[in-house]
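Colleague: I am attaching a structure below and will ask some questions about it afterwards.
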Amino acid sequence: MEMETLVGQGREAINMIIDPDSFQENVVGDLKVEDESFGPGAVIGTASLNGEDVTVIANDAMAFNEKFPVVFAGVIGMEEAYKMALAVYNSIKADEDKPVDKKRPIVLIVDTPGNGPGKVEEIFGMNKATGSYQLSLAEARKKGHPIVAMVIGRAISGAFLCHGLQADQILALPKQFQTMIHVMPLTSIARITKQDLERLEELSTTNPVFASGADFFYQLGGLEEIVEQFDKMREKIISHIGEIRNFKSAGQYEKTGPWGRGLLGAEREGRAVRSKVIEQMQKEFDSVADKYISA
Amino acid sequence: MANWDDLQKSSFLESSARERALGLVDKGTFTEFISPIDRMSSPHLPVLGEAVEFDDGIVVGVGLIGKKPVFVVSQEGKFIGGSVGEVGGAKMVNTIKLAVDMYDKMKAENPDLPEEKRPAVVVSFETGGVRLHEANAGLLAHAEVMDQIQDARGKVPIIGVIGSKVGCFGGMGFVAAATDVIIMSEFGRLGLTGPEVIEQELGKEEFDAGNRALVYRTTGGKHKYIMQDCNFMVEDTIASFRDQIAEVVKISIDEMEGLRRIGSLELVEEQIKLVELAAKMQPSDSKDVWAHFGNEKPEELTDMPYDEFMKVVKRYPKQS
């Protein structure tokens, strides 16, 4: 194998996944982004995948946003997040009248180290930009669009929350391709939590709850499948789109998305207490619910 | 803990999560779920030799405002910065879910369910986001909260209140942005990246995290009110927050949509205009933006008492 990593190569990954030469950048339904300087770190557009129209949203780690200098190397800044949200809302709009099984899939290609961490970003509200994109994905998912996220590189903390974790299903290349999935590197966790780094390193080989890597996220139910090879990405994404459509056609929306991954976390035993908390709360609520309903 | 009547006069800023939860709903109506008696603490902290809290730093439950069931989530900043782990995250996620399920059930039984009976959710934020000791589980819980917020749209209003010491940052910053309504005091702070991280990224000359006034100008209640990122600003007592919540829950669910900052194509388009302004202005300080919105002496706003501020302040002229 020539290329051992796709980190920083979101555009190349798009070409490896979609039908040959089918990508129309900056076009989704009625949306046409004509200003090339708008959110250059986000690549959006429409492609054909297995003969059907899909919306593609990826990071371009080679781009630099001249207006917002903290945005480079795949960082999702304000423009990038809103551009991504525009792609999603316009996908919803374009398929408003289509039945659930005909809603266009949305493919997220994930390689991002974070959200824009600047002063201007805080003054104008970076939190709204990432929040917008997440709500748009959640809405599209609940309206029937199958959403698959493919982690090809870095899927870090808030940026992964915004670009990835609202998908129906999440796939990732394993760590030998330099993929990184975590909130913070262990060195930073050690510094902030005042824990001994060596001890953390030792624990992180077995404890999925703070360790870094796709296999640990898998145990927690944080992703559905690890895709072993680059050349398997395309067929895996196609088959997951089919699987998601089956769930949605059967009305089983709770089987995918963040809630579905909660169930997966219990099944894979990585998040065992979550379901106990939920069960106990339900019990406690049921014993008092009438009082509040009939108040 | 102080009784309900005394709590009303208490500083919201100084109040614990449980005091806020009790005091924000009608007297004697709050029922806590998974209270400390249940001893559902984090299984991940002891592995690292860290102390646990029996409520995992978050108080959740249901109370009433009038006849309306009001579900409450209240975060405790004194316990590991109000951070969200597996247990606390599940408590938050499931509180919203219980409210939505309750609404669905009430609506099925009574299609003409009066507005005064429609459940609501209040989230009292005091958090820096993900708990690093159990970072991956905390991160996944954040995604679940966003998912539940979208489920609640058009059914159960979600009201964010921010006026506690830690503020509301990290992933919880966008959770707050995603709520229907935000109420803050001038002591509340809301953002994504905390001040220390900005200093680390940009250098001390660009952003001095130790400069309290600068930090408040960038993320504090007054600034967020001017930007329309917070809908209502109130004084620092539990009663002021509670009165504002009681007013907000009278708004119909359809009108509530008009209070949102994000969550639709139209709102994204409006926010993009603000980002255009950010690109054009490249403000070095929030005061530049306040002046742009017509506040002629922006420096005077910072220390201005509440009543006067509310009288003179000019806010971003929202279009939708």
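The values are calculated or read from the model by the stated rules, or taken from the named source; none is laboratory data. All figures in this text were calculated on a predicted structure; none of them were measured in a lab. Neighbour counts are summed over all protein chains in view; Cβ atoms, including those assigned to glycine, are modelled from backbone coordinates with ideal geometry. Each accessible area value is taken on the protein alone, full model and side chains, heavy atoms only, with ligands, DNA and RNA left out. Shrake-Rupley method; radii C 1.70, N 1.55, O 1.52, S 1.80 Å.
Colleague: Quick one: work out the % antiparallel among DSSP beta bridges in chain B, nearest 5.
Modeller: 40 percent
Colleague: While we're on this one: Going by Cα centres, segment B:221-270 and segment A:239-278 are how many Å apart?
Modeller: With segment B:221-270 and segment A:239-278 each reduced to a Cα centre, they are spaced 33 Å.
Colleague: Per the Debye formula with a single identical scatterer at each Cα and no solvent contribution, what log10 I(q)/I(0) holds for the protein assembly as shown at q = 0.05, 0.06, 0.12 Å⁻¹?
Modeller: So the normalised log intensities work out to -0.19, -0.28, -1.24.
Colleague: Once phi is turned into ³J(HN,Hα) by the Karplus curve 6.51 cos²θ - 1.76 cosθ + 1.60 with θ = phi - 60°, what whole-Hz value does each residue of segment A:138-153 show in order, with x for glycine and proline?
Modeller: Here the 3J(HN,Hα) series is 4, 5, 4, 4, 6, 8, x, 5, x, 10, 10, 9, 10, 7, 9, x Hz.
Colleague: Further question: Chains B and A: buried accessible surface, both sides, probe 1.4 Å, rounded to 100 Å²?
Modeller: On the way: alone 14950 and 14680 Å², together 22300 Å².
Buried surface at the B/A interface: approximately 7300 Å².
Colleague: Further, regarding this structure: For B:THR31, what residues show an amide H to amide H distance below 5 Å, using hydrogens built from the backbone and excluding near sequence neighbours?
Modeller: B:VAL62, B:GLY63
Colleague: Moving on to the next point. Once the other residues with Cβ under 11 Å from the Cβ of B:GLU32 are scored (Lys, Arg +1; Asp, Glu -1), what is the net sum?
Modeller: -1
Colleague: Check the straight Cα-Cα distances from A:LYS93 and name the lysines below 17 Å, setting aside those fewer than 8 residues away within the same chain.
Modeller: By straight Cα distance, A:LYS93 reaches A:LYS32, A:LYS83, A:LYS102, A:LYS103, A:LYS142, A:LYS143.
Colleague: Over segment A:10-270, what is the relative contact order in percent, taking alpha-carbon pairs closer than 8 angstrom and at least six residues apart? Intermediate values should be presented prior to the final figure.
Modeller: Working: 546 pairs, mean separation 41.2, N = 261.
Relative CO of segment A:10-270 lands at 16 percent.
Colleague: Another question, if that's okay. For chain B, with equal point scatterers placed on the C-alpha atoms only and solvent neglected, what are the log10 I(q)/I(0) values from the Debye formula at q = 0.07, 0.08, 0.09 1/Å, to two decimals?
Modeller: Cα-only, vacuum Debye calculation for chain B: -0.27, -0.36, -0.45.
Colleague: Still on this structure, please answer the following. Within 10 Å of each Cβ in peptide B:245-251, how many partner chain Cβ atoms are there on average? Round it to a whole number, please.
Modeller: Going residue by residue through B:245-251 and averaging, the value is 0.
Colleague: Another question, if that's okay. In sequence order, what are the phi-derived ³J(HN,Hα) couplings for segment B:33-42 according to the Karplus relation 6.51 cos²θ - 1.76 cosθ + 1.60 with θ = phi - 60°, rounded to whole Hz, with x for glycine and proline?
Modeller: Using θ = phi - 60°, the values come out as 9, 6, 6, x, 4, 6, 6, 8, 9, 5 Hz.
Colleague: Where q = 0.12, 0.16 Å⁻¹, what log10 of I(q)/I(0) comes from the Debye formula for segment A:10-270, counting one point per Cα?
Modeller: -0.68, -1.21
Colleague: Okay, moving on. May I ask you to give the percent of accessible area on segment B:165-320 that is carbon plus sulfur, with a probe radius of 1.4 Å?
Modeller: Carbon and sulfur: 48 percent of the exposed surface of segment B:165-320.
Colleague: Something else now. Residue by residue, what Karplus-based ³J(HN,Hα) values in Hz, rounded to whole numbers, does segment A:57-68 have, using 6.51, -1.76 and 1.60 with θ = phi - 60° and x for Gly and Pro?
Modeller: Ordered by residue, 3J(HN,Hα) equals 10, 9, 9, 10, 6, 8, 7, 10, 8, 5, 6, 10 Hz.
Colleague: Within 10 Å of each Cβ of B:166-179, how many other protein chain Cβ atoms are there on average?
Modeller: That average works out to 5.
Colleague: Given a cut-off of 20 Å, name the pairs among A:LYS128/B:LYS105; A:LYS67/A:LYS119; A:LYS283/B:LYS105 whose C-alpha atoms lie farther apart than that in the structure shown.
Modeller: A:LYS128/B:LYS105
Colleague: Which percent of the accessible heavy-atom area of segment A:10-270 goes to carbon and sulfur, probe 1.4 angstrom?
Modeller: About 49 percent, which is the carbon plus sulfur part of the accessible surface.
Colleague: For A:GLY270, what residues show an amide H to amide H distance below 5 Å, using hydrogens built from the backbone and excluding near sequence neighbours?
Modeller: none
Colleague: Tell me, how many Å apart are the Cα centres for segment B:38-61 and for segment B:72-122?
Modeller: 20 Å
Colleague: May I ask for the longest run of chain A untouched by GluC sites (Glu not before Pro) that are loop-located per DSSP and have at most 13 neighbouring C-beta atoms (other than their own) within 10 Å?
Modeller: A:97-227
Colleague: While we're here: Which net charge results for the neighbourhood of B:VAL145, defined as the other residues with beta-carbon distances under 11 angstrom from its beta-carbon, given Lys and Arg at +1 and Asp and Glu at -1?
Modeller: -1
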